């Protein structure tokens with residue numbers, strides 16, 4: 001398996017972060033939200049991993065995006081990917097249950113007594129810390145995990161539900177930020193947005209055509225150009241992307 005890579009330096013960092021002050025400011029907001037989750041959980045560190053394809057043919061692996069490991073980031077990420085990378089990549093394909101593991105020492109424990117059916121536990125105890133990983137599935141570009149590392153974790157169902165929802169929102173917002181940056185120069189026009197909105201509300205092309213006083217052919221043309229502008233493969237993906245980008249709700 002290809003290994004994850006990361007930059008060094010700083011208490012909080014994004015691997016290979018680039019861009020202007022606006023993007024850096026948004027990254028700092030993500031870090032603030034992750035730090036709040038880390039403190040609420042009583043964990044020592046957080047890390048965000050994306051599932052990426054590397055090599056030819058591509059092999060899916062975990063790539064480090066954000067973390068609070070500082071100078072130890074590369075070592076910690078490589079250790080996690082080496083031990084659990086295959087399991088985590090395969091797990092997210094079939095389940096969104098959080099994943100937990102115990103660390104190497106007697107006190108590096110993730111306690112889920114009474115809640116075991118709500119987790120998948122990995123048995124390898126080679127890492128020096130216990131861990132909790134929330135899977136987030138957002139499509140081919142957005143799948144990954146929000147991971148917390150701790151000496152010990154004592155979890156409750158309420159904590160898990162709340163943190164999992166927050167993890168999903170953070171990764172959704174990160175993907176939206178990246179999509180906005182890569183947004184094509186040709187913006188959607190008013191009719192393309194209106195057609196996407198109504199399609200997203202469940203209306204057929206025929207119903208949209210009747211409401212807008214257009215032909216079905218014209219409605220499909222607007223939806224087709226909007227799909228192309230959003231770099232999507234079909235109408236459903238275009239609607240989802242338009243929601244993330246704030247064109248429709």
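Filter the stretch 103-119 down to the residues that are within 20 Å of residue 167 (Cα to Cα) and either modelled with pLDDT of 95 or more or in a loop (DSSP other than H, G, I, E, B) (or both) and list them by number. Within the stretch 103-119, 112, 115, 119 qualify. In the condition set (1) over 21 Å from residue 136 (Cα atoms); (2) modelled with pLDDT under 90; (3) assigned to a helix (DSSP H, G or I), residue 241 is compliant with all but (1). One residue stands out in the stretch 73-94 among those that are touching a strand residue (DSSP E or B) at 6+ places or on another chain (Cβ under 7 Å) and more than 16 Å from residue 150 (Cα to Cα): the one that is surrounded by the fewest Cβ atoms within 10 Å (Cβ to Cβ), namely 87.
Output the residues belonging to the stretch 30-72 that are crowded, with 18+ Cβ neighbours inside 10 Å, in a helix (DSSP H, G or I) and within 19 Å of the chain's Cα centre (by Cα). Within the stretch 30-72, 30, 31, 34, 37, 38 meet the criteria. For residue 177, the conditions (1) assigned to a helix (DSSP H, G or I); (2) modelled with pLDDT of 85 or more are fulfilled apart from (2). The set of residues in the stretch 82-102 being in a helix (DSSP H, G or I) and within 17 Å of the chain's Cα centre (by Cα) consists of 85, 88, 89, 90, 91, 92, 93, 94.
The values are calculated or read from the model by the stated rules, or taken from the named source; none is laboratory data. Quantities reported herein were computed from a predicted structural model and do not represent experimental measurements. We place every Cβ from the backbone using ideal geometry, glycine too, and count neighbours over all the protein chains shown.
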